[in-house]
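The values are calculated or read from the model by the stated rules, or taken from the named source; none is laboratory data. Note that the structure is predicted; figures quoted are calculated from it, not measured. Here Cβ is always computed from backbone atoms with ideal geometry, including for glycine, and neighbour counts include all displayed protein chains. Calculation scope for accessible area: heavy atoms of the full protein, side chains included, ligands and nucleic acids excluded. Shrake-Rupley method; radii C 1.70, N 1.55, O 1.52, S 1.80 Å.
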Amino acid sequence: MEPNPRQAELLEEVLRQGSASVDALAERFGVTLQTVRRDVKLLAEAGLLARFHGGVRLPRSTTENIAYRQRQQLNLPAKQAIARAIARAVPAGCSLILNIGTTTEAVARELLQHKGLRVITNNLNVAAILSDNPDCELIVAGGVVRARDRGIVGEATVDFIRQFRVDIGLIGISGIEADGSLRDFDFREVRVTRAIIENAREVWLAADHSKFNRPAMVEVAQVGQLDRLYTDQPPSPPFAALFNEAGVQCTVAAA
């Protein structure tokens, strides 16, 4: 499904709180209980929310991400704000690797006016966006195309990435846990992200507030391997201390 504006706002509210009652959601949005129940039913059937008696919460699967089309809609203003902040920090004439993710795709849109970039990506959506920038040299990694989101993964992709040494490795991930681990769902995708981290002079993470305390099965890296974090809300405890101790530069971009 493509959430309508009210449903998207409802998702945002549950993302902020982790869970909410149907009564509270009806009051928050000024609609009837029947309207909220109908929205919740549709969102739960799409796998975006999980219902319990009298309320709704976020799905807590550690093994499977939510669908790509739904991820495109979630926290869209936050992703756009993060993307603008990153684009302002990217200097002209530098080299980057952009990995798979809806936030990195938002960054690609903000780089369309940049000059002299060399961009390597394993994301066909990023490649399609940046192909409209005539002053950007675009290199697309080889490998297996993952149909659900047009990400490119596999051993061939890892070997391809390892040929390069870039100025900035810009990554998105699915979750950041309280132990300081960055996590994702697909081990093949994780292998590629690890290669990006190993072959970048600086590693920048783009992660909106919903990624904090979100569980996922496979560890990508630790926060100490990052140089910069771009997010849309100040990290709450214990994350603020984790980033501070690791010397990670945090930029909060208000949506």
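Observations
- Among the listed values (i) 19.2; (ii) 18.8; (iii) 18.2, the one computed from these coordinates for Kirkwood radius over Cα pairs in Å is (ii).
- Stretch gain in nm, segment ARG6-LEU76, where the contour uses 0.36 nm per residue and the Cα spacing is subtracted: 23.8 nm
- The range 18-37 residues near the modelled HIS53 label - backbone nitrogen below 18 Å, point 7 Å along Cα→Cβ: 20-24
- Reach of LYS115 by Cα under 14 Å, taken over aspartates and glutamates that are not fewer than 8 positions away in the same chain: ASP132, ASP135, GLU137
- Estimated 222 nm signal from helices in the chain, with DSSP H stretches of n ≥ 4 weighted -39500 (n - 2.57), rounded to 500: -11000 deg cm²/dmol
- Ranked by the mean number of other Cβ atoms within 10 Å per residue, highest first, peptides 115-121, 193-199, 153-159 order as 193-199, 115-121, 153-159.
- Largest GNM mean-square fluctuation among ASN244, ASN99, ASN123, using the chain with Cα springs under 10 Å: ASN244.
- Helix runs (DSSP H) in the chain reaching 15 Å along axis by Cα, Kyte-Doolittle at least -0.5: 33-45, 76-89, 187-198
- Paramagnetic reach from ALA46 (point 7 Å along Cα→Cβ, amide N under 13 Å) across the range 76-97: 76
- Whichever lysines have a C-alpha closer than 27 Å to that of LYS211, once near sequence neighbours (fewer than 8 apart) are set aside: LYS41, LYS79
- Gain in span if fully extended, SER236 to GLU27, counting 0.36 nm per residue against the direct Cα distance: 72.6 nm
- Ligands, DNA and RNA left out, the 1.4 Å accessible surface of the range 211-255 is 50% carbon and sulfur atoms.
- Across GLY55, GLY180, GLY142, mean-square fluctuation computed from a Gaussian network of the chain (C-alpha pairs under 10 Å connected) peaks at GLY55.
- The portion of the accessible surface of the range 8-62 made up by carbon and sulfur, rounded to a whole percent, is 49 (1.4 Å probe; DNA, RNA and ligands excluded).
- Taking the DSSP beta bridges with both ends in the range 81-240, the antiparallel portion is around 30 percent.
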